[in-house]
Amino acid sequence: MKLTHTLLITSMILTLTACSTPQNPQQPENTTSSTTATQTASTPEHFAKTPVYVLDQQLLQGENTTTTFNTEGSQMLQTNDTSVLLANLAHQTTNAFIVQDYNEISSISAGFTPDDQHALIAVAGQKTGDGASNDQHTWTLYTVTEDGLTKLAENPLTSQYSTVFFTPTGIINVKNNENDQHYFSVTTDQKLKEIATSPQTFTGCGSGECDLTPVPIAQTATGVVSTFSENPLASTRKTCLPGQETDTKPRQGCLEGFKTDSWSSNDPKIAPDGANPNKASVVAINDTHLLGAWKSEDGEEYIFRTIDLKSPHGNEPSYTGQNTSAGYGENSPEKLKHSPNNQYVASITAIASTRGPQGFLFDGENNTKAVAIESTDNNGTGYGHVHSDDGSELPVTVHPDGTSQSLEPQTVIPTGIFEKDGKQYGVFHEEHDGMHSVFVAEYRQ
């Protein structure tokens with residue numbers, strides 16, 4: 001996708017095709033289309049060989065191109081110019097949208113409301129002043145509908161270097177500079193709400209109690225989840241190790257964790273057995289579950305636990321492994337994958353049942369290879385890749401009981417699985433020579 005300085009599309013190629021023609025697909029404006037594209041990738045067992053919907057995208061690629069997928073089967077591709085492509089795969093429609101009322105854009109980011117029902121766009125940049133007024137540094141929040149972009153909120157920024165972005169879990173971070181950041185959530189009725197970030201008193205710090213300012217990372221169905229850290233500087237963290245503290249040099253930088261308004265990761269009923277409750281991080285999170293990692297008491301490994309955010313003091317399983325997946329940073333935890341029925345969750349190298357004692361970490365330890373897990377279905381089958389010696393990715397399936405199975409090398413695995421009218425569908429993504437293809441195949445028993 002290429003845009004001129006006058007914000008007009010000069011080229012876009014979008015091809016729609018399916019073995020059964022989509023019902024009334026809406027083509028983006030200023031596009032050329034054809035029906036010659038074909039889908040040759042094979043899908044895992046249980047997924048129909050014939051896709052029910054195919055969306056081929058040939059768009060500008062780069063570091064600032066991002067793709068967002070939600071549980072209703074919508075795919076949003078957004079670039080750092082002024083355009084957004086939204087493909088609602090469940091309803092077989094596509095739209096391209098252009099942000100037209102800015103003369104200069106410093107950042108653009110895409111996300112969804114907490115209930116995953118509405119696509120959102122946050123734009124930061126400069127607007128031309130009206131009449132004799134000066135140009136204004138502004139950020140605007142839009143909701144995406146079939147008719148275009150609808151403005152939800154607009155607020156001033158302090159400089160041309162200010163940025164606005166969605167975290168993978170729905171928090172809007174407005175960053176004027178390192179010391180001036182604001183956090184917002186979007187309610188299910190599409191209202192913008194600023195999240196208070198005032199200091200709070202914590203116990204378990206290196207010197208007993210300390211005041212820390214939690215950083216919001218996720219908006220969930222049960223509220224906001226935040227992280228906290230007594231001292232984020234890596235150079236001082238060694239003083240938290242056993243035997244390092246002295247009378248003249250108290251332990252510093254010890255407390256790290258996450259919290260909601262009602263509980264914290266260092267609560268005895270939240271931290272798993274054998275864990276150091278004061279050393280925890282969020283590995284992944286979504287609207288209903290959180291995957292946390294705690295340092296073990298001896299500091300040699302990590303203990304993982306999946307938390308049901310609606311009943312966090314439940315009996316979810318915990319499992320140990322090396323820390324190959326924790327520590328994504330305060331503002332960008334990985335989004336937790338879950339089966340459409342919410343009975344299984346997966347993230348990076350972990351897959352677990354939310355209703356039973358099963359959970360396993362495919363992290364390269366315990367006679368397993370490290371697996372990057374992309375999705376999981378209602379039966380607890382996770383789909384992912386292992387890296388071979390030659391650097392290629394080989395598709396596999398994994399299970400919470402620790403078993404796994406290799407798939408044929410040409411198999412494309414689902415990057416997401418959603419449910420519609422009682423049926424499961426897998427969303428698949430391929431890239432060949434700059435051509436990106438997204439297609440949907442039905443899951444069949």
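Where a number appears in this text, it was derived from the coordinates with a stated rule and is not lab data. Keep in mind it's a predicted model, so treat the numbers as computed, not measured. For neighbour counting, all protein chains shown are included, and Cβ atoms are generated from backbone atoms with ideal geometry for every residue, glycine included.
Modelling each spin label as a point 7 Å along the Cα-to-Cβ direction, I'd like the THR203/GLN117 distance in nm, to one decimal.
4.1
Highest mean first, how do 215-224, 100-109, 343-352 rank when packing is the count of other Cβ atoms within 10 Å averaged over residues?
343-352, 215-224, 100-109
List, in the order given, every pair from LYS193/LYS259; LYS151/LYS310; LYS191/LYS337; LYS269/LYS420 whose Cα-Cα distance in the structure shown is over 30 Å.
Exceeds cut-off: LYS151/LYS310; LYS269/LYS420.
Taking R0 as 51 Å, what FRET efficiency do you get between THR403 and LYS310 from their Cβ-Cβ distance, rounded to the nearest 0.05?
E(calc), rounded to 0.05, equals 0.95.
Non-local amide H neighbours of VAL283 (under 5 Å, H modeled in plane, Pro and chain starts lacking H): which ones?
Here the answer is LEU291, GLY292, ALA293, since their amide H atoms fall under 5 Å of that of VAL283.
Taking the beta-carbon count within 10 Å as an exposure proxy, list GLU374, GLU72, GLU297 from fewest neighbours to most.
Starting with the residue having the fewest Cβ neighbours, the order is GLU297, GLU72, GLU374.
What nm distance separates the two modelled labels at LYS127 and GLU393, each placed 7 Å from Cα along Cα→Cβ?
4.0
Taking the Cβ of THR113 as the center, what net charge do the other residues with Cβ under 13 Å away carry, scoring Lys and Arg +1 and Asp and Glu -1?
So the surrounding residues net to -3.
In terms of modelled amide H atoms, which long-range or inter-chain residues lie less than 5 Å from the amide H of SER42?
Correct list: VAL412.
Count charges around PHE202 for me, please; just the other residues with Cβ under 10 Å from its Cβ, Lys/Arg as +1, Asp/Glu as -1.
Here the charged neighbours net out to -2.
Just subtract the alpha-carbon distance of ASP101 and ALA48 from 0.36 nm times their residue separation and send over the number in nm, one decimal.
So the chain would gain 14.7 nm between ASP101 and ALA48.
Among TRP294, TRP263, rank each residue by its count of other Cβ atoms within 10 Å, from fewest to most, as a rough exposure measure.
The fewest-first ordering by Cβ neighbours comes to TRP263, TRP294.
Among residues other than SER42 whose Cβ falls under 14 Å from its Cβ, what is the net charge (Lys/Arg +1, Asp/Glu -1)?
-2
Fewest Cβ neighbours within 10 Å first, please rank HIS137, HIS182 accordingly.
HIS182, HIS137
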